[in-house]
Structure formats: structure tokens, C-alpha cells
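Q: I am attaching a structure below and will ask some questions about it afterwards.
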Amino acid sequence: MKIRQIRENLCPIARGESDICEEPTRLDWFSKEVVVKKHSVTLILVAMLCALCLAQDSPQKKVFPHRSQMKAVSADTLKWGPPGADWMQGTPPPEFSEPMRSEFAIIQGDPSKTGPFVIRIKSPDGEKVPPHWHPQDENLTVLQGSLFLGTGEKFDQSAGQELKPGSYALVRKKMWHFAWAKGETIVQVHGVGPFKINFVKQEEAAKKPAGSQ
């Protein structure tokens, strides 16, 4: 009551119009509430537009293009042939004078260049691979047949370990090793190029640095 009396006393003095000091009607409060609601709706719409813009620039969109880089290779589409001319370095020992019968197929990458690669080697039954070494680690996975793998600078069929389908072997870089196949054998090799098959003569093996070409 005191506040009302003060308001009634002050209004005529301040404005000289008593009708201006009347209490707000319900319509006035309703109009103000409508204006507030309109502002709230506007703010909500602006927030939704901002969220939509951010969603379009989200990291998920940047990741999506990488899916198109997936590569799948079917075994029946492989192109088999002799190894690359620049893959071989040196000459095999005289006892391995027969031409190599194994065939190679490139699965991924370029073995002659720097970078990861995947190749397959298909060897006929009885194929012998002379002692050799690689300038990089060689990862072997047997897919078909049996591969006998041995280490050392001299070929020795009594010292080989049989690797059946599903077997894996890691041959460290510059490590001398040899192999032979039992039945038609397919081996998958992966590593980091450039891929080189280095042969040396038996009498030079002890004095020739493994890293020389």
C-alpha cells in the first residue's frame, strides 16, 4: 500500500498526467511476453543454423574421402611374369646356372622405388633359390605349397625349415638366406623398397660387404 501511495504522489509531480501512472493492464504484459518469445525463437533458429554449419565442417567429412583409397586385389586378376630387370644384383653361383622358373606378381606399390610394396612369388615344385640377401627386411607369408627356408651363405638342403601354408617368416636385412619349394608354392612378400635380390659367388661371400651392390 505504501508503494502505491508513493507512486500516486510522484506521478502527478513528474508528468502532470495521472493516467500515465496507471498500473499496466494484462494486455501490456501479454504484449511483452509475446516479444520475449519471438526473441527466444529467433535465438533458437540462429543456434540451429550455427550447429548445421559446424556439422558440415566436422572432421567426419574430412575422413570420408580416405575410404575411396581402399584397394582389393583378386587372385585371378594377378599378372605373373619374370622379376623386374633392376631387382637382381650380382650373379648366382655356378651350380645355379639354370634360369629361374619362379614368376612374380606385384600386388601393391612399386618394388623398385622407395616405399611399401607387396608382391607374390610363384615357384614350381623343386625350384631352388640360391643364397642371397636384401637391403631391407623381408616379410614372407606362405599361401600355397611348402617353402623350405635356410640361412647362411651356402645352400644346404639339410638345414632348411619347412614353412607350410599360413606360416610367416621375417628375414632381416643383409641376412644371407636360401630356399626351395615343395609342390607349386606361392609366397607373399611385403616390405619397404627398393627391393633387391643380391647374389654373390661362394668364394666372395666371406669378404664381400653385405651392403654392397
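The values are calculated or read from the model by the stated rules, or taken from the named source; none is laboratory data. All of these numbers come straight from a predicted model, not from anything done at the bench. Note that each Cβ is placed from the backbone with ideal geometry, even for glycine, and that neighbours are counted across all protein chains shown.
Q: For segment 50-74, which residues satisfy the criterion of being at pLDDT below 60 and under 25 Å from the mean Cα position of the chain (by Cα)?
A: In the first step, residues of segment 50-74 are kept if they are at pLDDT below 60; the result is 55, 57-67.
Asp57, Ser58, Pro59, Gln60, Lys61, Lys62, Val63, Phe64, Pro65, His66, Arg67, listed by residue number.
Q: Right, something else. With a cut-off of at least 2 residues that are in contact with a helix residue (DSSP H, G or I) (Cβ under 7 Å, 6 or more places away or on another chain) and among the basic types (Lys, Arg), name the strands (runs of 3 or more DSSP E) lying wholly within segment 110-167. Even if it seems obvious, please write down each step before you answer.
A: Values: elements: 115-123, 128-132, 138-151, 161-163.
Once the strands (runs of 3 or more DSSP E) in segment 110-167 are filtered for at least 2 residues that are in contact with a helix residue (DSSP H, G or I) (Cβ under 7 Å, 6 or more places away or on another chain) and among the basic types (Lys, Arg), nothing remains.
Q: State yes or no: is Pro124 over 29 Å from the mean Cα position of the chain (by Cα), at pLDDT 95 or above and not aliphatic (A, V, I, L, M)?
A: When the stated conditions are applied, Pro124 passes them.
Q: Sort out which residues of segment 75-94 are modelled with pLDDT of 90 or more and part of a strand (DSSP E or B), and write them in order of number.
A: Gly81
Q: Related question: Where the second residue is at pLDDT below 85 and buried (at least 18 other Cβ atoms within 10 Å of the Cβ) and the first is in the same structural domain as His190 (by TED's automatic domain parsing) and lies in segment 88-107, which pairs have Cβ atoms under 8 Å and are six or more apart or on separate chains?
A: Gly90/Val200
Q: Right, next: For segment 181-213: of the residues being at pLDDT below 95 and of a type in the set (D, E, K, R), which is farthest from the chain's Cα centre (by Cα)?
A: Of everything passing the filter in segment 181-213, Glu203 is farthest from the chain's Cα centre (by Cα).
Q: Among (1) surrounded by 12 or more Cβ atoms within 10 Å (Cβ to Cβ); (2) at pLDDT 95 or above, where does Thr114 come up short?
A: Condition not satisfied by Thr114: (1).
Q: OK, next. Specify the residue that is surrounded by the most Cβ atoms within 10 Å (Cβ to Cβ); the eligible residues are those in segment 171-188 that are aliphatic (A, V, I, L, M) and over 13 Å from Gln144 (Cα atoms). Break it down into steps so the answer makes sense when it comes.
A: So in segment 171-188, the residues aliphatic (A, V, I, L, M) come out as 171, 175, 179, 181, 186-187.
Narrowing the set further to residues that are over 13 Å from Gln144 (Cα atoms) leaves 171, 175, 179.
On the way: Val171: 20, Met175: 15, Ala179: 26.
Checked segment 171-188; the qualifying residue surrounded by the most Cβ atoms within 10 Å (Cβ to Cβ) is Ala179.
Q: I'm checking my understanding of the structure. Among residues of segment 130-165 that are among the charged types (D, E, K, R) and surrounded by fewer than 16 Cβ atoms within 10 Å (Cβ to Cβ), which one is nearest to Pro92 (Cα to Cα)? Before the answer, list the steps.
A: Here is the first cut: in segment 130-165, the residues among the charged types (D, E, K, R) are 137-138, 153-154, 156, 162, 164.
Cutting the leftovers down to surrounded by fewer than 16 Cβ atoms within 10 Å (Cβ to Cβ) gives us 137, 154, 156, 162, 164.
Values: Asp137: 21, Lys154: 11, Asp156: 15, Glu162: 23, Lys164: 26 Å.
Looking at the filtered set, the residue picked out is Lys154.
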